[in-house]
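The values are calculated or read from the model by the stated rules, or taken from the named source; none is laboratory data. Computed from a predicted structure; not experimentally measured. All Cβ positions, even for glycine, are placed from backbone atoms using ideal geometry, and neighbour counts span all protein chains on display.
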Amino acid sequence: MSNVIRDAKEPMHWDEEVDVLVIGLGVAGAAAALEASSLGADTLVLERAGGGGGTSAMSGGVVYLGGGTGLQKACGFEDSAEEMFKYLMASTGLSPDEAKIRLYCEGSVDHYDWLCAQGVPFKQTYYHGTSGEPPTDDGLVWSGAENVHPFREIARPAPRGHVPQVEHQGGPLLMAKLCAAVDASPARVAANHRCTALYQNSDGEILGVAARYFEEERRIRARGGVILTTGGFVLNDEMLLNHAPLALRCGMRVAAAGDDGSGIRLGVAAGAATIHMDAISISLPITQPWALKRGILVNRQGQRFINEDTYYGRLGEAALLHQDGQAFLVVDDGTFEKPEYMEAIAGVGESPEELEQALKLPPGSLQSTLELYNRHAENGSDPLFHKSTDYLERLDRPPYGAFDCTTEKALYAVFTLGGLQTDTEGRVLDPEGDVLGGLFAAGRSTSGIAVGGYSSGLSLGDGSFFGRRAGRTAAAFRK
């Protein structure tokens, strides 16, 4: 990306002037446009594709919300902003943004109501048995690790996955409703417009953008500011190699075409800071259906390394980041079920020793692991990893088998979590922590709530929540 920052020397010719200019029409961009235009700001959204949606429209549609939403109450679950806060602070990485998480939790009930007001439907029913969008049109699911060790001891568990009312994948419906709301609002959308440069004055303030519309270049002034909502960088191999190289080993990149880091690079060129660029979400959905949580996940040394009943995003992180993507899910004849997202069998055997040999594990390693696991499971305990008793039982009914959970054979689904550093109002910061005037950002082009630990729905949740805040702040700055 050459010439991405251009001097804005006044007076200069602008092809169009608006109050707020939003770059990208995914969930964060739609929320920013709706909020800015609702405050009377003349708002324009530039979308590089032929229409809105982005990666948000390709997602399962789960939105992570809590604190006692109307949906939670209708399904009989008690929750509070404080319990939600304790869970997110404990589960979202080693250095979570406490201020953002606090605001998100305290505003979660209102944000749910806002989504409903935009026309997003949520069926007032609960579905048990999946870690993301359900196969039904039920509205509430467990979408994280709230109900497992160690988090169940830290915060009172409650399901917080809010899913639009449609069977299976809810992302298309979510974005259809939000894009329809944008169309019905005073905000305008210009499709097939790719932002190629930012105009910056001598004081460092961003004044507008250059945008390519087919063969035409347009200069657009933004009196209140430019909001970058362009997605992450999981499709940019060079950026992954520099920041998160293990992501390159994942077989599935969760992304639309725009997740190439373009917005992040525009911000950096203007002087913005980035943060947590090494953070990635890695899903390894090997325990779908949930009955497979009764198996044990072992590494190349035949050792368990995590409680198997946890959220599949934590399984993926543990397997890839700490076990080099080398893992096997061991089951016996009594616990065997066909997984929903994988089918490779790594080995079988009539005894633990035979399975151990088939997997080429160190002699005695799997045998020792199974002996220890079975001895404690018989008494309903798991002293090593504290797996729930719901999924604790002896694995002693031959034949034995192991599903191949290596990066070479299993589905590892990845997307990036790091990006531009922003404050709680969506303002982009420079490396000194000062506000970069006229530039805002939200969604996966920023570092949001999850910085190393993920629960399904956090991207759609914090993208829309902080997208609204960015839209509100930019609208207030209009000159």
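Numbers at a glance
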{"item": "Cross-chain or 6+ apart pairs with Cβ under 8 Å, the range 120-134 first and at positive phi, then at pLDDT below 95 and not small (Gly, Ala, Ser)", "result": "129/289; 129/290"}
{"item": "Meets criteria (part of a helix (DSSP H, G or I) and surrounded by fewer than 20 Cβ atoms within 10 Å (Cβ to Cβ)) for residue 371", "result": "yes"}
{"item": "Qualifying strands (runs of 3 or more DSSP E) (wholly inside the range 1-107; at least 1 residues being among the hydroxyl-bearing types (Ser, Thr, Tyr))", "result": "43-47"}
{"item": "Residue that is surrounded by fewer than 23 Cβ atoms within 10 Å (Cβ to Cβ), of a type in the set (Gly, Ala, Ser) and at pLDDT 95 or above, where the choices are 261, 271, 295", "result": "271"}
{"item": "Selection from the range 76-108 of residues that are touching a Pro at 6+ places or on another chain (Cβ under 8 Å), in contact (Cβ under 8 Å) with a residue 40 or more places away in the chain and either over 18 Å from residue 460 (Cβ atoms) or not assigned by TED's automatic domain parsing to the domain that holds residue 146 (or both)", "result": "77, 90"}
{"item": "Counted residues, the range 173-187 - those being touching a residue at least 24 places away in the same chain (Cβ under 8 Å) and surrounded by fewer than 16 Cβ atoms within 10 Å (Cβ to Cβ)", "result": "2"}
{"item": "Flag for residue 15 being without any contact (Cβ under 8 Å) to a residue 12 or more places away in the chain, surrounded by fewer than 17 Cβ atoms within 10 Å (Cβ to Cβ) and either in the same structural domain as residue 423 (by TED's automatic domain parsing) or more than 22 Å from residue 131 (Cα to Cα) (or both)", "result": "no"}
{"item": "Residue match in the range 32-41 (condition: surrounded by 24 or more Cβ atoms within 10 Å (Cβ to Cβ), at pLDDT 95 or above and within 16 Å of residue 256 (Cβ to Cβ))", "result": "no"}
{"item": "Flag for residue 329 being in a helix (DSSP H, G or I), in contact with a helix residue (DSSP H, G or I) (Cβ under 8 Å, 6 or more places away or on another chain), touching a residue at least 12 places away in the same chain (Cβ under 8 Å) and not aromatic (Phe, Trp, Tyr)", "result": "no"}
{"item": "Residue ID - surrounded by the most Cβ atoms within 10 Å (Cβ to Cβ), chosen from residues in the range 90-138 that are farther than 23 Å from residue 421 by Cα, under 19 Å from the mean Cα position of the chain (by Cα) and modelled with pLDDT of 95 or more", "result": "115"}
{"item": "Matching residues in the range 261-302 - criterion: being in a loop (DSSP other than H, G, I, E, B) and farther than 15 Å from residue 406 by Cα", "result": "261, 270, 271, 272, 273, 276, 277, 278, 279, 288, 289, 295"}
{"item": "Residues (out of contact with any Gly (no Cβ under 9 Å at 6 or more places or on another chain) and crowded, with 20+ Cβ neighbours inside 10 Å) located in the range 147-172", "result": "148, 155"}
{"item": "Failed item in (1) assigned to a strand (DSSP E or B); (2) under 14 Å from residue 418 (Cβ atoms), with residue 239 passing the rest", "result": "(1)"}
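Conditions tested, residue by residue: (1) of a type in the set (Gly, Ala, Ser); (2) in contact (Cβ under 8 Å) with a residue 24 or more places away in the chain; (3) under 20 Å from residue 355 (Cβ atoms).
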{"residue": "266", "(1), (2), (3)": "no, yes, no"}
{"residue": "272", "(1), (2), (3)": "yes, yes, no"}
{"residue": "294", "(1), (2), (3)": "no, yes, yes"}
{"residue": "299", "(1), (2), (3)": "no, yes, yes"}
{"residue": "307", "(1), (2), (3)": "no, yes, no"}
